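The values are calculated or read from the model by the stated rules, or taken from the named source; none is laboratory data. None of these values were measured; they are calculated from a predicted model. When we count neighbours, we look across all protein chains shown, and the Cβ atoms used for this are built from the backbone with ideal geometry, even at glycine. With ligands, DNA and RNA removed, areas are computed over all heavy atoms of the protein, side chains included. Shrake-Rupley method; radii C 1.70, N 1.55, O 1.52, S 1.80 Å.
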Amino acid sequence: MHNYTINDNDKKMFRESVDANVPIDKDGTNSKNNQVKKAAFTAYSFITEARLSGSEVVTYAKNGLSAKIIKKMKQGDIGYAPTLDLHGQTVVQACESMSAFMHHHQQEKFIHIIHGKGYHSENGMSILKTQVVSFLTQHPQVLAFNSCPEKDGGSGAVFALLR
């Protein structure tokens, strides 16, 4: 029989190791439903001029994304999607709202953002819509987005697919 002595450093190292671990449930997933919250996205840039008209349909998808999922978004066949309405907000307020909203709903598959068509903007160009498109293309969790069908806001709103 061996006689081992456990010193305070060994105890401390053991305790740090044990305290840092998260319990595993019987299915082998983390006990908090495998939901690891990422920090809110704040590395976006602001646009200074509108480049999109209110009636223009927007679409974006990262390479390798299924055409089937894009078709579902275009048809509005996505099930539940939390909605953020940006009407009346400035570009800065809209970015702050989107950052907080997407952080809060990061576990959702889809989100719905209403930016409006810019009817009160110069030359029919929508600065808010342009900013939303810019923000979503910069956001690391966004895999795709598309203008909504008319029943969900048409070219004045987008559905976005999150990773």
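Worth a mention:
- Taking segment 97-111 as the range and being of a type outside the set (S, T, Y) and open to solvent by less than 80 Å² (accessible area, probe 1.4 Å) as the test, the residues that pass are M98, A100, F101, M102, H103, H105, Q106, E108, F110, I111.
- Counted residues, segment 62-96 - those being touching a helix residue (DSSP H, G or I) at 6+ places or on another chain (Cβ under 7 Å) and open to solvent by 50 Å² or more (accessible area, probe 1.4 Å): 1
- I114 being open to solvent by 30 Å² or more (accessible area, probe 1.4 Å), over 16 Å from P140 (Cβ atoms) and at pLDDT 95 or above: yes
- Filtering segment 140-158 to residues that are within 11 Å of the chain's Cα centre (by Cα) and open to solvent by less than 10 Å² (accessible area, probe 1.4 Å) leaves V142, A144, F145.
- Residue in segment 120-134 that is open to solvent by 70 Å² or more (accessible area, probe 1.4 Å) and modelled with pLDDT of 90 or more present: no
- Residue in segment 45-54 that is modelled with pLDDT of 90 or more and not aromatic (F, W, Y) present: yes
- Annotation note: of T130, T137, T83, T90, the sole residue that is without any contact (Cβ under 8 Å) to a residue 12 or more places away in the chain and among the β-branched types (V, I, T) is T90.
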